[in-house]
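Accompanying notes for the structure given below.
Nothing in this text is a laboratory measurement; each read-out follows from the coordinates by a stated rule. Fair warning: this is a prediction, and the values are worked out from it, not measured in the lab. Cβ coordinates were reconstructed from backbone atoms using ideal geometry, including for glycine residues, and neighbour counts include every protein chain displayed.
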Amino acid sequence: MRPLWPLAVITFKEGIRNRALYGIFLLALLLFVANFLICGMILRDVGKVAVDVALSAVSFSGLLLVLFVGINLLAKDLDRRTIYMVLARPISRRHYIWGKFLGMAMLIVTATAMLGGCALLSIGSVRWAFPSYFPRFAWSPVLLALMLITLMLVLLAGMSFLFASFATSSFVTLILTVVSYLIGHGVAAIKALVESPAEVGIEVSATTVRVVKAAYYLFPNLSLFDIKVQAAHNLPVSWTYLAGTVAYGLFYTALSVTLAGLVFSRREFP
């Protein structure tokens, strides 16, 4: 742990100083202000819309953070060749990957905590303006949704480190991360569809079913971390589901970063 912590702190500070971070926060603040304006124009299901927009703003801003700040933290060392100076010190490549990831995880937790505070303030302001549209509202499902969003972003960051460990450029890492995000959010629904095609009146080939199943088990099921509907309608979320989702996210994250360290330790630099 001793060689990881200084590298994690340095990575965290680099992320804080990244100018893209300020643009992401500005966009998030605009979305939170737009939340109040949108609810004022709709005047129907205001409570659901307010919670959904606020949580979506946090999730989208966090995704931008991973894509444009997190990926750049590792790619910058590779592109500028500063990684040689880091690895010249008594630190292994696996420790380097874990140190960088821990710094990025700290940045994600800090950023989502700040964004989550703004989201709660946005929801609270809409609730204060339109109290009659929040008959079954509770804060606890919203807080749980923010926690799972944070875990999902940390998992996605772990996958981006895995891709960066073998990708030849940051652009390739960006594309692979975006593809993983899209597949992760839709693969569960697609798998359920191709396994029961007769219910919707479609025909699916055996090859398509095998490809979808392979994607389902290869990519993380990110839809597990999306409980915005439950938070908006104050629906109960079982502790068994939460514990299973947290364990799934932590396991997949640890697996991704461990594989990234293994691949990166065998990588040859020009």
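Summary table below
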{"quantity": "Local electrostatic count at residue 107 - Lys and Arg +1, Asp and Glu -1, tallied over other residues with Cβ under 10 Å", "calculated": "0"}
{"quantity": "Excluding exposed DSSP-loop GluC sites (Glu not before Pro) (at most 13 other C-beta within 10 Å), longest clean stretch of the chain", "calculated": "1-202"}
{"quantity": "C-alpha long axis of helix 239-265 to longest principal axis of the chain, angle in °", "calculated": "20"}
{"quantity": "Rg and Dmax of segment 116-270, Cα atoms only, in Å", "calculated": "19.3, 64"}
{"quantity": "Rh (Kirkwood; distinct C-alpha pairs) - the chain, Å", "calculated": "20.1"}
{"quantity": "Net charge contributed by nearby residues that have their C-beta within less than 10 Å of residue 134 (K/R +1, D/E -1)", "calculated": "+3"}
{"quantity": "Sites excluded, trypsin sites (Lys or Arg not before Pro) in DSSP loops with at most 14 other C-beta within 10 Å, longest stretch of the chain", "calculated": "137-265"}
{"quantity": "0 to 90° range, to nearest 10: angle between helix 139-164 axis and the chain longest Cα axis", "calculated": "30"}
{"quantity": "Label-point separation, residue 136 to residue 267 (7 Å along Cα→Cβ), nm", "calculated": "4.9"}
{"quantity": "Local electrostatic count at residue 62 - Lys and Arg +1, Asp and Glu -1, tallied over other residues with Cβ under 15 Å", "calculated": "0"}
{"quantity": "Value of [θ]222 nm, deg cm²/dmol, for the chain, DSSP H segments ≥ 4, -39500 (n - 2.57) each, nearest 500", "calculated": "-26000 deg cm²/dmol"}
{"quantity": "Lysine pairs with alpha-carbon atoms under 16 Å apart, the chain, spacing 8 or more or separate chains", "calculated": "5"}
{"quantity": "Nearest-ten-degree value, helix 19-42 long axis tilted from longest Cα axis of the chain", "calculated": "10"}
